[in-house]
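A.B. asks: For reference, the structure I am asking about is given below.
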Amino acid sequence: MGSDMKVLALYSTKGGVGKTTAAVNLAWEASRDFRVLLWDLDPQGAATFLLNVKPKLKGGVEALVGGKNSSISAAIRHTGFDHIDVLPADDSYRELDLVLDHAKNSTGRIRAALDIVGRDYDVVILDCPPGSSLVAENAILASDLVVMPLVPSPLSVRALEQVEEIVRASDSKPPLLAFLSMVDRRKAIHRDSVIAIPRSHSGVTNIVVPGTVVIERMGIERRPVGVYAPNTAASLAYSDLWVRIQSVIKAKQRKSKS
Ligand SMILES: Nc1ncnc2c1ncn2[C@@H]1O[C@H](COP(=O)(O)OP(=O)(O)OP(=O)(O)O)[C@@H](O)[C@H]1O
Ligand SMILES: [Mg+2]
């Protein structure tokens, strides 16, 4: 990856599909080689919780994205993991859409806040709340790549098409990389989807994150899977995904140069 900061948005219009789980595990994968910032954009604060950081922000989210001078540097917290810092979410994130709506340049506030810390991090991961909102528009506009988990079902194909449309409608049109998540190979519909969806949709990789108790345990462990369960199918899937993400970003860089 080049010298300048790269931004990934973990995003889907659908809730509960594995965005936060992927955000935390990809942060850990990236942190082996890079300085990583994970920005928790969800008032539920799940990423903040999983990385064992206190959900407290002085001045709330408005101080980060509302005005001219962003206090993002002061709000960033170290985690217990080397090279992973977190910008935690607290309850004030419930108002984030309103705060953005009232701000000037309302779709570019996250990008502007990140410009301030561009020298301190190589990789920024945005953990987005579900749904389509100004938060999502901001995250897409700030990102070099949108990463989307897909739980195999007809509804998730619909979500994929929605996200494709949202990305296409954005000014920056970052590439979209989707992967199948929470896959249970005992279910015929999952086995079929794993083959059919990557075939019919070019932005879907054949990397599959299995549905497993190893991953469910993250909520108790409050650590990335690669820390407490290295070399499991679950941790290897995220490490493959991180490799794939880097190659998509590199390909995008080559394309923009030529
Ligand atoms: N591969 C998996 N196997 C088993 N459980 C999983 C897997 N991925 C996620 N989960 C569990 O599913 C739940 C939802 O996951 P997660 O919070 O990552 O989804 P999300 O898309 O971020 O949800 P939200 O839309 O609410 O932000 C969590 O309890 C998580 O532990
Ligand atoms: Mg989440």
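FYI, it's all coordinate maths here, none of it is from the lab. Keep in mind it's a predicted model, so treat the numbers as computed, not measured. Backbone-built Cβ (ideal geometry, glycine too); neighbour counts: all protein chains shown.
A.B. asks: Determine the distance separating the Cα centre of the range 172-238 from the Cα centre of the range 53-114; give it in Å without decimals.
C.D. replies: Using only Cα atoms to place each centre, the spacing works out to 29 Å.
A.B. asks: Using a Förster radius of 35 Å, what is the FRET efficiency between Lys104 and Lys255 based on their Cβ-Cβ separation? Nearest 0.05, please. Write out the running numbers ahead of the final one.
C.D. replies: On the way: r = 32 Å, r/R0 = 0.90.
E(calc), rounded to 0.05, equals 0.65.
A.B. asks: Report ³J(HN,Hα) in whole Hz for each residue of the range 92-108, in order, from the Karplus equation J = 6.51 cos²θ - 1.76 cosθ + 1.60 where θ = phi - 60°; Gly and Pro get x.
C.D. replies: My calculation for the range 92-108 gives 4, 5, 4, 8, 4, 4, 5, 4, 5, 4, 7, 8, 6, 6, 5, 9, x Hz in order.
A.B. asks: Only Lys, Arg, Asp and Glu count, each charged at its Cβ (+1, +1, -1, -1), so figure out the dipole size of the chain about its Cα centre, rounded to 20 debye. Before the final figure, lay out the partial values.
C.D. replies: Numbers: 32 positive and 28 negative charges, 113 e Å.
Magnitude of the dipole: close to 540 debye.
A.B. asks: Using R₀ = 25 Å, calculate the FRET efficiency as 1/(1 + (r/R₀)^6) where r is the Cβ-Cβ separation of Ile220 and Lys56; round to 0.05.
C.D. replies: Efficiency computed from Cβ-Cβ geometry: 0.65.
A.B. asks: Distance between the C-alpha centers of the range 118-142 and the range 1-50? Whole Å please.
C.D. replies: Comparing the Cα centres of the range 118-142 and the range 1-50, I get a distance of 9 Å.
A.B. asks: What value in Å³ per residue do you get for the convex hull of the alpha-carbon atoms in the chain?
C.D. replies: Value for the chain: 119 Å³ per residue.
A.B. asks: Which pairs in the list Lys6/Lys173; Lys14/Lys173; Lys6/Lys250; Lys19/Lys54; Lys173/Lys257; Lys14/Lys56 are over 22 Å apart, alpha-carbon to alpha-carbon?
C.D. replies: Those over the limit are Lys14/Lys56.
A.B. asks: Also, I was wondering about something else. Which FRET efficiency, nearest 0.05, do Tyr228 and Lys68 yield, Cβ-Cβ r, R0 41 Å?
C.D. replies: Values: r = 43 Å, r/R0 = 1.04.
After rounding to 0.05, the efficiency reads 0.45.
A.B. asks: Taking the highest mean first, how do the peptides 7-14, 109-116 order by number of other beta carbon atoms within 10 angstrom per residue?
C.D. replies: Ranked from most to least packed, the peptides come out as 7-14, 109-116.
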